[in-house]
Amino acid sequence: MLLLVKILLFFLIPLTLNAANDDVWRLRYFLPSSGETETTRNSKKSKVKLKTYGHSGNLILANGIGIGYNTLRKNGNIEGINYKFKNHSLDLSFTMGSSLSFTFGAGRLIYGRGELAYNGNNFVTEKSTGESFFFDLGVPFLVGEFIIGYRQNFSEYNNFQAQTGEGSTVLEDSVKLYSSQINAGIGFLF
C-alpha cells in the first residue's frame, strides 16, 4: 500500500501542475479524530486503539503547492504498558480544484518522542523515524472552506532508555507505530 501511494504521488504531481486553482491562497487548520492504531514491539502486534490528540496547519500557495506542520500525540495502555508518542511532521502537498478542492501530500517526521512505562521504570527515546501520507477534500462556504481528510502515519522508535539506581538501562527492541485518522478543519481563502 505504501509503495502504491509513493508511485501515485510521483506520477500525479507532474500531471496536475497545470490544474486551475482560482489564484487564491489557502490557510487551513485541522484537528484529528481517533483512528486505527497498530503497535508492534518484539514482533508482537497490538491493535488496541490509543487516544489521539493534535493539530495541523497548512499554507497553500496560488499555484497549489502547500507546506504544513503536523503535531500528533497518541497515549494509551497496552497489556499493562503505558505508551506515549509525540510526533512533529513537516508536510508538503499539492491542491487542485477551484471551488471543490482536493489535496494530497506527504509528511516527514522531524521530531518524535516515545515513552513506555512498565516494571516501575519510565523508558524514553527521541530516536525516531517516520513518514505520513494524507489527502483532504475542501468544500467551499462563504469566504472559506470546510475540510475533511484522511492521514496515515508510520513511525519507528529506537533506543529506549531509563535511568535506574545502577545507571541507565536500554531496551534492545524498537517500537513501530502505524496509525490512521480522520482530520476535520476549516480553511480561509485570500
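Only the coordinates and a few stated rules stand behind these numbers; no lab work does. Predicted model, so just to flag it, every value in this text is computed and none were measured. We place every Cβ from the backbone using ideal geometry, glycine too, and count neighbours over all the protein chains shown.
List of remarks:
- Charges were assigned to the Cβ only: +1 to each Lys and Arg, -1 to each Asp and Glu. The resulting dipole of the chain about its Cα centre is roughly 320 debye.
- Value of [θ]222 nm, deg cm²/dmol, for the chain, DSSP H segments ≥ 4, -39500 (n - 2.57) each, nearest 500: -2500 deg cm²/dmol
- Cut-off 13 Å between beta-carbons: net charge of the residues surrounding Leu171, Lys and Arg +1, Asp and Glu -1: -1
- Backbone geometry of region 79-86 corresponds, through the Karplus equation with coefficients 6.51, -1.76 and 1.60 at θ = phi - 60°, to 3J(HN,Hα) couplings of 6, x, 10, 7, 10, 9, 10, 9 Hz, x marking Gly and Pro.
- Long-range HN-HN contacts of Ser174 with modeled amide H, under 5 Å: Asn42
- Selection from Asn153, Gly138, Thr40 lying farthest towards where the dipole of the chain points positive, charges on Cβ: Thr40
- Stretching the chain fully between Leu59 and Glu172 yields a gain of 36.7 nm (0.36 nm per residue, less the alpha carbon separation).
- Helix axis angle, 2-16 relative to the chain longest principal axis, alpha carbon, degrees: 20
- Inter-part distance where region 142-166 and region 51-68 are each reduced to a Cα centre, Å: 15
- Prolate/oblate/rounded call for region 51-98, Cα gyration tensor, a/c under 1.5 rounded: prolate
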